[in-house]
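Engineer: I'd like to ask some things about the structure below.
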Amino acid sequence: MPAVWTAPRTWATAEIISATLLNQHLRDNLEWLKTPASASATLTSNISTTSASFVDATGLSVTFTTLGGNVLALAMLTVQASAAETAYFRLNLDGTGTPFLCQQRLASASDLQSVALMWLFSSVSAASHTIKVQYASAGGATVSLNGFGTANMELICSEVGWS
């Protein structure tokens, strides 16, 4: 895969096209679009917190090397609490958290809710980056993310060529 996207060339009338130019502007860019830098993580055990401050969701973190551009992060979660509670969720790139992306009100200890997070990190440098799911408990009740069951808890991140 080519290391970077090359801005497509503007061709001139009657210009002689070389293999080098076609490979750089057509083949390499198509390969770059086909195989973007990406990573995913699946939660394999239950985790919980009582913290009112955001904490990392252990197991829902990815580190991967981007080529420079935008990164789309998606997370699918299943949450419950030990009592009626509001849980907060966000994503974190290299130690900097997004604004909170979602709050989920849980009516009781038996309430099980699905949560989806999505964020486009723009103009991410070409380097190694870590993206994490973070969560918090508004009132101090235990908030749990369930890593077992029919729904997988996943974080999926991919460099994308659009903004």
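Engineer: Please compute, over every Cα-Cα pair in the range 67-128, the percentage with a separation greater than 18 angstrom.
Structural biologist: Distances greater than 18 Å cover 45 percent of the Cα pairs.
Engineer: So what's the back-of-envelope 222 nm ellipticity for the chain, counting only DSSP H runs of four-plus at -39500 (n - 2.57) apiece and dividing by all residues, rounded to 500?
Structural biologist: Computed mean residue ellipticity for the chain: -1500 deg cm²/dmol.
Engineer: What residue among 60, 74, 22 has the largest mean-square fluctuation in a Gaussian network model of the chain, using Cα springs under 10 Å?
Structural biologist: Checking each option, the largest mean-square fluctuation is seen for 22.
Engineer: Rounded to a whole number, what % of the accessible area of the range 37-146 do carbon and sulfur atoms account for, probe 1.4 Å?
Structural biologist: 50
Engineer: Order 13, 142 by their accessible area, 1.4 angstrom probe, all chains in place, largest first.
Structural biologist: 13, 142
Engineer: To continue, here is another question. Leaving out ligands, DNA and RNA but keeping every protein chain, what accessible area does residue 27 have, in Å² rounded to the nearest 10, with a 1.4 Å probe?
Structural biologist: Per-residue accessible area (residue 27): approximately 110 Å².
Engineer: Right, next: If 56, 28 are ordered by their accessible area, calculated over protein heavy atoms with a 1.4 Å probe, which sequence runs from highest to lowest?
Structural biologist: Putting 56, 28 in descending order of accessible area: 56, 28.
Engineer: HN-Hα J couplings of the range 22-35 from phi, Karplus 6.51/-1.76/1.60, θ = phi - 60°, integer Hz, Gly and Pro as x?
Structural biologist: Calculated HN-Hα couplings, in order: 4, 4, 5, 8, 10, 4, 5, 5, 5, 5, 4, 5, 6, 10 Hz.
Engineer: Using only the Cα atoms of the chain, build the gyration tensor, take square roots of its eigenvalues as a ≥ b ≥ c, and label the shape rounded, prolate or oblate: rounded if a/c is under 1.5, else prolate if a/b is larger than b/c, else oblate.
Structural biologist: On the way: a/c = 3.50, a/b = 3.12, b/c = 1.12.
Because a/c hits 1.5 or more and a/b exceeds b/c, the chain counts as prolate.
Engineer: Give, as a single signed number, the net charge of other residues whose beta carbon lies under 15 Å from the beta carbon of residue 120, with Lys and Arg counted +1 and Asp and Glu -1.
Structural biologist: 0
Engineer: Could you order 144, 40 by accessible surface area, starting with the largest, using a probe radius of 1.4 Å?
Structural biologist: From most accessible down to least: 40, 144.
The values are calculated or read from the model by the stated rules, or taken from the named source; none is laboratory data. What you see is a predicted model; the values in this text were computed from it and never measured. Every residue, glycine among them, receives a Cβ derived from its backbone with ideal geometry; neighbour counts consider all protein chains shown. Surface areas here come from the heavy atoms of the whole protein model, side chains and all, with no ligands, DNA or RNA. Shrake-Rupley method; radii C 1.70, N 1.55, O 1.52, S 1.80 Å.
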